[in-house]
Amino acid sequence: MSARIWDISQRLRPGLPVWPGDTEFAHERTWKMADGSPVNVSRLTMSTHSGTHADAPLHYDEAGLDSASSALEPYIGECLVVDARGVGAAIEVGDLPHLHSADRILFRTYETFPHEAWETGFTAIAAETIKWLALQGVRLVGIDTPSIDPQDSKTMDAHKAVLAADMRILEGLVLDDVPEGRYELIALPLPLAGADASPIRAILRELT
Ligand SMILES: N[C@@H](CC(=O)c1ccccc1NC=O)C(=O)O
Ligand SMILES: [Zn+2]
Ligand SMILES: [Zn+2]
């Protein structure tokens, strides 16, 4: 019996809700079998932060690594899924369970993931919480909302705290069907040279 897999990735399709003002998701057929081409080929137009994605340090640090340069270790390995529903504007240190040892933490904040509409006022992560997680040895933090900072943030305090601790970030996860607990995370960024983020196919696999 193979280990159970949870797909925690948004479906990338035209109409995907994106950050206000960001690039809409689109794909266009550039070679068509219907027109006699031997194959169908398409072109994608999308934001680096479309759907479920991994921020690269370059997103919040002009001198930071791009998506093609980051080590892969943070994005694959044991993780802890934490239910943070109802905590309000930001996940505070007091909202955290006793972590034991966790290298990667994923936070669920939505009762139901808003697949069809952009939701403002989403839950962020307080910078103090990022600093505390870094002291616990956490290398990667993930969340089901579009950002670890509030939508109107101009100082990006949580991203700056991630930078100071050289942690990695996943955003736009879909955790509705995932019970709290420990899993194997596989969520690798694409080697997109020069990119500030990368779409990912994020999955959780049951630990055996
Ligand atoms: N997923 C992004 C959201 C974000 O910061 C953003 C995305 C598109 C355009 C502007 C953005 N941020 C601030 O203006 C993040 O890393 O938080
Ligand atoms: Zn992002
Ligand atoms: Zn981010």
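The values are calculated or read from the model by the stated rules, or taken from the named source; none is laboratory data. Remember, predicted model here, so these are calculated numbers, not experimental data. Positions of Cβ are backbone-derived with ideal geometry, glycine not excepted, and every protein chain shown enters the neighbour counts. Only protein heavy atoms, including side chains, enter the accessible area calculation; ligands, DNA and RNA are left aside. Shrake-Rupley method; radii C 1.70, N 1.55, O 1.52, S 1.80 Å.
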Fill in the blank from the handout: With the 1.4 Å probe rolled over protein heavy atoms, the chain has an accessible area per residue in Å² of 51 Å²
Exercise for the section: Please name whichever of ILE76, ASN40, HIS100 sits farthest to the positive end of the charge dipole of the chain, dipole taken about the Cα centre and charges placed at Cβ: Lys and Arg +1, Asp and Glu -1. Expected result: ASN40
Fill in the blank from the handout: the stretch 51-143: relative contact order from alpha carbon pairs under 8 Å, six or more residues apart, as a whole percent, is 30 percent
Exercise for the section: Using the charge dipole of the chain (Lys, Arg: +1 at Cβ; Asp, Glu: -1 at Cβ; taken about the Cα centre), state which of LEU188, GLY88, LEU163 has its Cα farthest towards the positive end. Expected result: LEU188
Practice task
With 10 Å bins from zero, work out the P(r) of the stretch 132-208 over every alpha carbon pair and list the percent per bin.
Solution key: 15, 44, 35, 5, 0
Problem - Distance between modelled label sites at GLU62 and VAL93, nm, 7 Å Cα→Cβ extension - result: 3.2 nm
Handout entry: Positive-end residue of THR23, THR112, ALA202, charge dipole of the chain with Cβ unit charges
Key = ALA202
Practice task
Sort all Cα-Cα distances of the stretch 1-119 into consecutive 10 angstrom bins from zero, then give the percent of pairs in each bin up to the one containing the longest distance.
Solution key: 10, 25, 36, 20, 6, 2, 0
Exercise for the section: Could you tell me what percent of the DSSP beta bridges with both partners in the chain are antiparallel, to the nearest 5? Expected result: 65 percent
Exercise for the section: Post the alpha-carbon centroid distance, the stretch 154-204 to the stretch 27-63, in whole angstrom. Expected result: 19 Å
Problem - Set of the stretch 132-146 residues, backbone N closer than 20 Å to the point 7 Å along the Cα-Cβ line of ARG201 - result: none
Exercise for the section: Could you sort 64-72, 38-46, 102-110 so that the peptide with the highest average Cβ count within 10 Å comes first and the rest follow in order? Expected result: 102-110, 64-72, 38-46
Problem - Size of electric dipole in the chain: Cβ of Lys, Arg +1 and of Asp, Glu -1, about Cα centre, debye, nearest 20 - result: 540 debye
Problem - Residue-span extension gain [THR23 to VAL39] - 0.36 nm each, minus C-alpha spacing - result: 3.0 nm
Problem - Added length on full extension, which subtracts the Cα-Cα distance from 0.36 nm per residue, ARG85 to LYS131 - result: 14.5 nm
